[in-house]
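Presented below is the structure to which this report refers.
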Amino acid sequence: PTYKEYKKEKGLTGHIPLEEYYALMPEAVVEYRYGAADLAIISFQYSEKLVTADLAFENPKKGDRIVAAGNPDDIDGGFVHSFGKITSQEEITFETNDGRVPDRVLKHNAYEEPGSSGGAIFSEKMHVVGINIGGGRNLFNRFRYGVLIPVDQINECIRTWKEEN
């Protein structure tokens with residue numbers, strides 16, 4: 001359940017420590033870390049049936065409309081989403097300052113807040129076309145662009161994991 005659903009279900013009011021809420025969550029296990037991009041395969045067990053999203057068969061193209069979904073900084077109320085378009089013609093190199101291998105990414109203009117990394121980027125058909133990993137901000141800390149690891153790399157990560165296991 002979401003934080004709000006948990007409070008309502010238990011008849012609780014006021015602030016509930018996140019540790020208490022997170023104790024309900026299943027433990028995630030990192031099954032595989034993909035060295036060629038900032039991707040990993042994780043698993044967990046959960047008693048409820050979960051809805052999954054389908055992966056797209058190909059990368060989005062410049063001008064394709066998208067929806068970015070995420071939960072920046074664990075905001076109360078759950079996921080936020082924004083709409084935009086793919087703005088880069090081809091994959092570009094995106095480097096971070098944490099020493100990781102640079103990623104090949106596509107730029108987009110769907111607004112996102114810091115902390116949105118790991119959120120899905122959906123096509124108009126609601127297929128996952130990428131995973132958000134960052135973006136750029138101006139000198140006034142205002143959003144300029146977002147970047148996503150495109151679905152071809154996600155599929156390659158899954159393929160490599162299956163071959164190695």
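The values are calculated or read from the model by the stated rules, or taken from the named source; none is laboratory data. A quick note: this is a predicted structure, and the numbers were derived from the prediction, not measured. Here the Cβ positions follow ideal geometry from the backbone for every residue, glycine too, while neighbour counts run over all protein chains shown. All accessible areas refer to the heavy atoms of the entire protein, side chains included, with ligands and DNA or RNA removed. Shrake-Rupley method; radii C 1.70, N 1.55, O 1.52, S 1.80 Å.
Below are the figures for this structure:
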item	result
Scan of the stretch 125-149 for residues that are open to solvent by 30 Å² or more (accessible area, probe 1.4 Å) and either among the hydroxyl-bearing types (Ser, Thr, Tyr) or under 17 Å from Glu90 (Cβ atoms) (or both), ordered by number	Tyr145
Subset of the stretch 141-156 (residues that are more than 15 Å from the chain's Cα centre (by Cα) and of a type in the set (A, V, I, L, M, F, W, C))	Phe143
Pair list, Cβ < 9 Å and 6+ apart or interchain, from the stretch 128-140 residues that are on the phi > 0 side of the Ramachandran plot to residues that are acidic (Asp, Glu) and open to solvent by less than 10 Å² (accessible area, probe 1.4 Å)	Gly134/Asp103
Residue within the stretch 112-124 that is open to solvent by 100 Å² or more (accessible area, probe 1.4 Å), touching a residue at least 40 places away in the same chain (Cβ under 8 Å) and within 12 Å of Pro60 (Cβ to Cβ) present	yes
Residues within the stretch 154-164 that are open to solvent by less than 50 Å² (accessible area, probe 1.4 Å) and in contact with a Phe, Trp or Tyr (Cβ under 8 Å, 6 or more places away or on another chain), tallied	2
So Arg104, is it under 13 Å from Ala37 (Cα atoms), open to solvent by 50 Å² or more (accessible area, probe 1.4 Å), not in a loop (DSSP other than H, G, I, E, B) and not hydrophobic (A, V, I, L, M, F, W, C)	yes
